[in-house]
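Values quoted throughout were computed directly from the atomic coordinates according to the rules given, and no laboratory measurement underlies them. As the structure is a prediction and not an experimental result, all values here were calculated from the model. All Cβ positions, glycine included, derive from the backbone under ideal geometry; neighbour counts span all protein chains shown.
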């Protein structure tokens, strides 16, 4: 028989006290959030009859998750970050604010302060020349009427051919495969990079441990992340998932969405390669983005999520 005490008057008062609602100090918003967490946790323990061993194993897991800096990764892997995108989509649809390129998850691997370029940037440092496939990406930043947005900021980052990101992978140079580009008068950005690899969670890490218990893999398709912004337009956090990847529609982080598939062409023509300044096989992709007009100054800014800042 399930015993329930979480809704008794004494327990409700106890939770209010634990959440700080009986004093005037602190942050009222945080107090109400903590109260709800305490109440829902108590109900979960009761309804699922969580044992003491299970509870303390969960506490120990949270400790390891934080120590490994994988909380953001698990939030993506359990679909919570995708849920936030869907919730924001629903709120904006309710307000009649639709259209434009879809948003999708940011993920935990952005680093602020990447080099800024005008119109064009080479993203890679050349360390994988002869190993990785050169990749040329270009497109326009447009408004909902299809008109170019000059001076838009394209902030992009991606993995290398091994599926690793600079800053977090200390073998890579500073800001490798990370750039910011200001669009030209035609709203155009152009990039020379390398074809990124998909990747998976650390097989020994706590995120994959959780996924193993759920019978799920921790693999992501090859992709490129983007922040897109311009005065008067909504900030857009999104990513382009590359076509023909095995995990394109089986992304453990649920980032793939209609309208965010980049069609990649692989070309073996040596004349065309020479015109691009490379030898051998190369790849190319064109992808245009559409931004919505912003209803407020706040909508023009990305979230205040904590992010890494690389310093020399």
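Suppose R0 equals 51 Å; then what is the FRET efficiency for residue 8 and residue 161 from their Cβ-Cβ distance, rounded to the nearest 0.05? Could the numbers behind the result be given before it?
On the way: r = 59 Å, r/R0 = 1.16.
Plugging the Cβ-Cβ distance into 1/(1 + (r/R0)^6) gives 0.30.
Using alpha carbon centroids, what distance separates the stretch 260-305 and the stretch 84-125, in Å?
13 Å
Under 8 Å for C-alpha pairs, at least 6 residues apart: give me the relative contact order for the chain, rounded to a whole percent.
Details: 558 pairs, mean separation 62.6, N = 312.
Normalised by residue count, the contact order of the chain is 20 percent.
Out of the DSSP beta bridges found with both residues in the chain, what percent are antiparallel (nearest 5)?
65 percent
What's the Cα-based Rg to Rh of the chain, Rh via Kirkwood? Provide the component values of the computation, followed by the final result.
On the way: Rg = 22.9 Å, Rh = 22.1 Å.
With Rg and the Kirkwood Rh in hand, the quotient comes to 1.04.
Distance between Cα centroids, the stretch 26-81 to the stretch 155-201: provide it in whole Å.
Distance between centres, Cα-based: 33 Å.
Note the per residue figure in Å³ for the convex hull of the C-alpha positions in the stretch 257-312. Please report the intermediate quantities before stating the final value.
Numbers: hull volume 11.7 nm³, N = 56.
Cα-based convex hull of the stretch 257-312, divided per residue, equals 208 Å³.
Between residue 296 and residue 265, 0.36 nm times their residue separation minus their Cα-Cα distance comes to what?
Working: separation 31, 0.36 × 31 = 11.16 nm, distance 3.89 nm.
Between residue 296 and residue 265, full extension yields 7.3 nm more.
Could you sort the peptides 151-159, 129-137, 32-40 by per-residue average Cβ neighbour count (10 Å cutoff), highest mean leading?
Ranked from most to least packed, the peptides come out as 151-159, 129-137, 32-40.
What is the diffusion coefficient of the stretch 1-79 in µm²/s, taking the Kirkwood radius over Cα pairs and the Stokes-Einstein relation at 25 °C with a viscosity of 0.890 mPa s? The partial results should precede the final answer.
Numbers: Rh = 14.6 Å.
Answer from the Stokes-Einstein relation: 168 µm²/s.
Using a Förster distance of 25 angstrom, determine the FRET efficiency expected from the C-beta separation of residue 16 and residue 47, and round it to 0.05.
Details: r = 21 Å, r/R0 = 0.85.
According to the calculation, E is roughly 0.75.
Using only the alpha carbons, work out the radius of gyration and Dmax of the stretch 163-218 in angstrom.
When restricted to Cα atoms, the stretch 163-218 yields Rg and Dmax of 16.9, 52 Å.
Listed highest first by mean packing, meaning other Cβ atoms within 10 Å per residue, what order do 214-222, 173-181, 61-69 come in?
Numbers: 214-222: 17.3, 173-181: 20.2, 61-69: 12.9.
Per-residue Cβ counts within 10 Å, averaged per peptide and sorted highest first, yield 173-181, 214-222, 61-69.
Please work out the ratio of the alpha-carbon Rg of the stretch 131-225 to 2.2 N^0.38 Å and round it to two decimals. Display every interim value, and only then the final one.
On the way: Rg = 17.0 Å, N = 95, 2.2 N^0.38 = 12.4 Å.
Dividing the Cα Rg of the stretch 131-225 by 2.2 N^0.38 Å gives 1.37.
Based on the Kirkwood radius over alpha-carbon pairs, what value in µm²/s does the Stokes-Einstein equation return for the translational diffusion coefficient of the stretch 180-282 at 37 °C and 0.692 mPa s?
Numbers: Rh = 16.5 Å.
Translational diffusion coefficient: 199 µm²/s.
Over all directions, average the projected area of the Cα convex hull of the stretch 56-149 and note it in nm². Each step should come with its number before you reach the end.
Values: hull surface 42.6 nm².
Orientation-averaged projected area of the Cα hull: 10.7 nm².
Assuming R0 = 30 Å, can you tell me the calculated FRET efficiency for the pair residue 36 and residue 174, based on Cβ-Cβ distance, to the nearest 0.05?
Details: r = 42 Å, r/R0 = 1.41.
Between residue 36 and residue 174 the formula returns 0.10.
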